[in-house]
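This report refers to the structure that appears directly beneath it.
The values are calculated or read from the model by the stated rules, or taken from the named source; none is laboratory data. The shown structure was predicted, so the numbers you read here are calculated from the model rather than taken from an experiment. Glycine gets a Cβ as well: all are built from the backbone with ideal geometry, and neighbour counts include every protein chain shown.
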Amino acid sequence: MTRVFSLSRKTIFISVFGVFTLMFACSPQQQQTPNTNQSAVNAPVNTQPAANSNQMATAAPNESEAALPVTLPLVDAMLADEAFANEAQSSLQITDEQLQKLGDVSRNAVLLLNENGVDDAVRSTKAATQEAKKKIDEILGAEKGSKFIALLQKRANEEDSLDLARPSSVPTDSRIVVNAPAYRMDIFKNGTLFKSYKIGIGYPEFPLPRGLRKASTIIFNPTWTPPDEPWVKGKLQPGKKVEAGSKDNPLGPIKIPIGLPSLIHGGKSPARLGNFASHGCVGLTNAQVQDFAMELSSLSGQPISMQDIKAYAKVNTKTKEVKLDNPVPFELRYETIMVEDGKLKIYRDVYERGTNTEENLIRVLEAFDVSFDSLTPDEQKQILAGLQLMAIDAHGDRVSPNNNGNANKSNSSKNGDGKVTKNIKGKKEVVFELAGLKGKGYPKVVGIKM
């Protein structure tokens, strides 16, 4: 038996990133005033280090080495790689029948997600990985199933490492870059930062994923299907579609899918920018998302005027989907230690990934030709104190180095009463000026859109 494989290596790689995190959509939230104890993001210069030749690069290695959660859609994506399927079959002595069953079960899982509406489904990583392990063990047995999962994780991580860039890397092409701990989204045009947006990010229970995505569709006046979750019950009926233009629709005037499980969408209060704001999406205000849709369409080579965007909004009960002939690359990062605009910035480890370590600090500085040992004792002391200050979660609890963070948690609001963490206690970042970093690093915000 030979399975038919139709996905390209590039598609597989992007699919892998798109499925190893939560399968959820975003939700409405109460308007709250964010914590104002946050350092300002402002500094002079805008010179970047030598760019990595690989333009499809994501966050730097060692920022987070958490084990890759294995879900059935991930199994489907990896089995589409004939080399992996052959390796798994030969090394683990998997029969043709077992391989076919694995393929059928994982493919059915993907089809069910599509049938239910990928953008509207809400599931936790824990639940998805438990389901995957159960199905794999049923087909292969517990021992061989565990070996299969380990092999899949190893191969998927190898794919990841092929496209890892240096810290604080600056794109050399046109793309969108989101860095969750900085609450920042940037548009780059041919390697130059064109515009920045202050954003709301997924709650710690529903973190934004990390990796490479693409935006190929802009949906005006989207509908929304509430998931079967505690935060929905009592307000809306799970599974019953909320029409476009409804006051109960949290997506705002525009949503932009960027692959499982995330969206860029409007509907957010300005008070939620720079804070937690969604069940796993990048949240913008309605004005922001309209501006962003205009810029995204222009970047793709199919410009949509603001006049047209406003016209769509006036007829807010009619959904319009615009396909982009040239999809725009999206890069979702989780960099808590950065050289940014000539300064060292350490952001709060909001998703508890254990990234604010001395090892990572040294690695980031060395990428910009600055040795930690060359700093003055006072500089070292202050920076290490700042590192410790930012090595805490949203509640102020200490995050251990190499912590698996939310990957070890339920990541689902199905626990308890479904409440999520909406605000951060204490500072969100610390900033240090070092002479050796002057003129280096990721650029400062440009024309920031609030």
key: Out of LEU384, LEU389, LEU365, sole residue that is under 15 Å from GLU335 (Cα atoms), part of a helix (DSSP H, G or I) and at pLDDT 95 or above   = LEU365
ask   = Which of the residues belonging to region 311-344 are within 17 Å of LEU299 (Cα to Cα) and among the aliphatic types (A, V, I, L, M)?
value = VAL322, LEU324, VAL328
task = Please identify the pairs in which a residue from region 280-305 that is on the phi < 0 side of the Ramachandran plot has its Cβ atom under 8 Å from the Cβ atom of a residue that is assigned to a loop (DSSP other than H, G, I, E, B) and hydroxyl-bearing (Ser, Thr, Tyr), counting only partners at least 6 apart or on another chain.
result = CYS281/SER262; VAL282/SER262; THR285/SER269; MET294/SER305; LEU299/SER174
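This table checks each residue for (1) buried (at least 24 other Cβ atoms within 10 Å of the Cβ); (2) touching a Pro at 6+ places or on another chain (Cβ under 9 Å); (3) of a type in the set (Ser, Thr, Tyr); (4) in a loop (DSSP other than H, G, I, E, B).
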residue: GLN307; (1), (2), (3), (4): no, no, no, no
residue: LYS310; (1), (2), (3), (4): no, no, no, no
residue: LYS318; (1), (2), (3), (4): no, no, no, yes
residue: VAL322; (1), (2), (3), (4): no, no, no, no
residue: LEU332; (1), (2), (3), (4): yes, yes, no, no
residue: ASP349; (1), (2), (3), (4): yes, yes, no, yes
key: Residues of region 160-187 satisfying the condition of being among the acidic types (Asp, Glu) and either farther than 20 Å from ASN360 by Cα or at pLDDT 95 or above (or both)   = ASP173, ASP186
